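Asks: Quick one: the structure is below, and I'll ask about it shortly.
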Amino acid sequence: MNVLTKSSEVTKGDWKVSMTPDDIYRHPMDIAWTFKYELSGDRVEDLYKRAKQNQWDSDQLLPWDTAVDPSKPLINARSDVYHQMPFFQKLSKSQQETFQAHSTAQLLSQFLHGEQGALMTAACVTHSVPDATAKLYAATQTMDEARHVEVYARYCDKIAMVYPMSPWLKALIDATLKSDRYEKVMIGMNMVVESLALGAFNNMYRTTTCELLKKITFNVMRDESRHVSFGHVYLGPVIAKMGEADREDLADFAFQAINLIANGGTQGGGLANRVDPGFMEVLANSGIDADDFFKGLQEAQDAGVNQELPPGQIHSIKDLMLPALFRVGLITPTARKKYEEAGIPIFEDLQVLEAMEGGHPIAA
Ligand SMILES: [Fe+2]
Ligand SMILES: [Fe+2]
């Protein structure tokens with residue numbers, strides 16, 4: 001299935017993103033050998049053991065023969081933020097259903113492309129992290145991500161729709177892959193992108209009406225909860241021992257990533273989608289005029305129509321990313337000022353994050 005046919009370049013904050021079919025770039029990476037093979041005996045080793053015990057085979061575990069009708073919505077309409085907006089309610093039932101089917105396909109496509117990014121970053125951590133136990137753990141994560149690419153590719157094939165990768169997500173993962181140190185790769189992936197994914201998967205698990213998609217997402221989430229934990233248990237002590245300049249360098253990288261998501265990415269949709277070619281395609285495929293759509297969205301926003309996520313759904317930035325960065329000491333006083341200037345409130349409550357890492361992948 002051809003995902004992207006045109007080349008383009010988009011600027012996202014300080015990060016440029018190239019959107020070309022089969023994008024390839026060269027990147028010299030520090031590769032670390034270690035000859036100290038003894039395992040660490042700490043929580044990183046626990047994660048490695050958990051990962052070995054919890055490997056699964058999608059052929060055996062998942063009911064791939066489940067029938068899926070791609071023309072019907074895959075999620076419960078009540079859980080969609082657009083359904084609460086007056087302009088959306090004025091669309092015909094068929095337009096609403098087509099939009100929902102396509103916008104869910106667009107989201108699932110982001111899961112798929114994001115998983116490929118995770119596969120590459122996990123492989124990158126395997127060869128760049130200097131610690132033996134962390135290398136073994138990162139190898140298990142690489143296998144997990146391969147499985148995630150496989151299951152979402154198979155599901156997207158079933159609904160016969162793959163939308164292009166959102167420019168902001170591509171920019172975020174490219175900046176992570178191109179970064180100059182493994183700590184940034186882990187911040188970009190294990191703390192930021194995977195927090196985003198864990199929140200989005202939780203919300204998909206709660207709202208989908210498709211049994212196959214529910215089972216896929218549940219099993220992927222169990223793996224992702226380990227990946228988010230790794231960012232904490234490995235990187236936390238590394239950052240604690242760092243000098244101030246290095247810590248600020250990492251804190252600034254984390255800020256850039258969050259700023260990109262807060263201002264360019266979307267949490268359940270929004271006006272930022274106007275610059276997302278994939279989302280514009282969703283509107284075109286649903287027969288919805290883009291100007292009308294964004295005007296309606298703006299009016300709903302101005303009128304204060306509730307755009308909060310329904311109970312049980314997770315806001316990835318507030319519930320997962322910022323608490324994760326706070327916990328490892330990356331919300332430094334200097335970084336705190338940058339968040340303030342960018343209008344991003346800091347959240348330090350670890351409750352949702354810790355519950356999801358602790359083997360309870362579904363939010364309470
Ligand atoms: Fe994954
Ligand atoms: Fe992951």
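The values are calculated or read from the model by the stated rules, or taken from the named source; none is laboratory data. Quick caveat: nothing in here was measured; it's all calculated off a predicted structure. When we count neighbours, we look across all protein chains shown, and the Cβ atoms used for this are built from the backbone with ideal geometry, even at glycine. Protein only, heavy atoms only, side chains kept; ligands, DNA and RNA dropped before computing areas. Shrake-Rupley method; radii C 1.70, N 1.55, O 1.52, S 1.80 Å.
Asks: If you rank ASP65, ASP292, ASP223 by how much accessible surface each has, with a 1.4 Å probe, what is the order from largest down?
Replies: ASP65, ASP292, ASP223
Asks: Using a Gaussian network model of the chain whose springs link C-alpha atoms within less than 10 Å, name the residue from GLY114, GLY199, GLY343 with the highest mean-square fluctuation.
Replies: Greatest mean-square fluctuation among the candidates belongs to GLY343.
Asks: Mind checking the full-extension length gain between ASP23 and ASN54? Use 0.36 nm per residue of separation minus the Cα-Cα distance, one decimal, nm.
Replies: Computed gain between ASP23 and ASN54 is 7.9 nm.
Asks: Take LYS90, LYS337, LYS135 and sort them by solvent-accessible surface of the protein heavy atoms, 1.4 Å probe, largest at the top.
Replies: Reading off the accessible areas and sorting them downward yields LYS90, LYS337, LYS135.
Asks: Against the longest principal axis of the chain, how steep is helix 93-128, in degrees 0 to 90 to the nearest 10, with axes from Cα atoms?
Replies: Once rounded, the angle reads 10 degrees.
Asks: Another question about this same structure. Run the simple label-point estimate for ASP291 and TRP64 please: 7 Å along Cα→C-beta, distance reported in nm.
Replies: About 4.7 nm separates the two model spin labels.
Asks: OK, next. For the chain, modelled as a Gaussian network with Cα springs under 10 Å, which listed residue fluctuates most, MET29, MET242, MET186?
Replies: MET242
Asks: Work out the FRET efficiency for ALA284 and MET143 from their Cβ-Cβ distance, taking R0 = 45 Å, and round it to the nearest 0.05.
Replies: The formula returns an efficiency of 0.75 here.
Asks: Here is a follow-up. Over every pair of different alpha-carbon atoms in the stretch 183-247, take the mean of 1/r and invert it; report that Kirkwood radius in Å.
Replies: 13.0
Asks: Here are some pairs, LYS52/LYS72; LYS49/LYS215; LYS158/LYS318; LYS36/LYS170; which of them have Cα atoms lying more than 30 Å apart in this structure?
Replies: LYS52/LYS72; LYS158/LYS318; LYS36/LYS170
Asks: Name the residue, out of SER179, SER94, SER229, whose mean-square fluctuation peaks in a Gaussian network model built on the chain with Cα pairs under 10 Å.
Replies: Comparing SER179, SER94, SER229 in a Gaussian network model of the chain, the most mobile one is SER94.
Asks: If the viscosity is 1.306 mPa s and the temperature 10 °C, what Stokes-Einstein diffusion coefficient in µm²/s follows for the chain when Rh is the Kirkwood radius over Cα pairs?
Replies: 75
Asks: Then there's this: Compute the angle between helix 132-159 and the longest alpha-carbon principal axis of the chain, please, reported from 0 to 90 degrees and rounded to the nearest 10.
Replies: For 132-159 against the chain, the angle is about 10 degrees.
Asks: Taking only C-alpha pairs under 8 Å that are 6+ residues apart, what is the relative contact order of the chain in percent?
Replies: Averaging sequence separation for qualifying contacts and normalising by length gives 22 percent for the chain.
Asks: Scan the chain and hand back the longest stretch that contains none of the GluC sites (Glu not before Pro) lying in DSSP loops with at most 15 other Cβ atoms within 10 Å.
Replies: 39-307
Asks: If I take R0 = 41 Å and measure r between the Cβ atoms of GLN89 and LYS337 in this structure, what FRET efficiency does the formula 1/(1 + (r/R0)^6) give, to the nearest 0.05?
Replies: 0.45
Asks: Moving on to the next point. Suppose only helical runs count, i.e. DSSP H with n ≥ 4. What mean residue ellipticity at 222 nm does that imply for the chain under -39500 (n - 2.57) per run, divided by all residues and rounded to the nearest 500 deg cm²/dmol?
Replies: The helix-only estimate for the chain comes to -18500 deg cm²/dmol at 222 nm.
Asks: May I ask you to rank MET189, MET165 by accessible area, largest first, using a 1.4 Å probe over the protein chains only?
Replies: So, going from the largest accessible area down, we get MET165, MET189.
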